[in-house]
Amino acid sequence: MDNRIGKEQARSVQKVQLPLHEPLGRISCPRCGNSVNFVEQLESVMVTTTYKQNTDGSFTPVEQNSDTYGEMSFLCGECGYDLTPFHAHFREMVF
Ligand SMILES: [Zn+2]
């Protein structure tokens, strides 16, 4: 019987919430007003390249992987203002 109440609660929790904190239109820089140029910046990237050594002692790259570390920043391309709170919106709008 408690089980049935639990299911009802789970159903009401699943209601889709629209993200209200995200801008619906175009992003523009609150400092300089730029709405054209933007920069995505990553703290650091580790690139790993796998090589095979050939019989003559030379090396041939087999595969390259890059791993990203740290915070991804989203900045105004004109004045460098930190627009990271809009980063999720930006990623959704990259085509
Ligand atoms: Zn700016």
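What you get for the range 38-95, charging only the Cβ of Lys and Arg (+1) and of Asp and Glu (-1), is a dipole of about 180 debye around the Cα centre. For S73, the residues 5 or more places off, or on other chains, whose built amide H falls under 5 Å of its own are Q41, L42, E43.
Quick check on the range 38-95: take the gyration tensor over C-alpha atoms, sort the square-rooted eigenvalues as a ≥ b ≥ c, and tell me if it's rounded (a/c under 1.5), prolate or oblate. If you can, show how the numbers build up before the last one.
Working: a/c = 3.88, a/b = 3.28, b/c = 1.18.
Judged from the Cα gyration tensor, the range 38-95 comes out prolate (a/c at least 1.5, a/b above b/c).
A simple spin-label model places the labels of D67 and R26 4.0 nm from each other, with each point 7 Å out along Cα-to-Cβ.
Bear in mind that the values in this text are calculations on the coordinates, not laboratory data. Please read all numbers here as calculations on a predicted model, not as lab measurements. Note: ideal-geometry Cβ built from the backbone for every residue, glycine included; neighbour counts use all protein chains shown.
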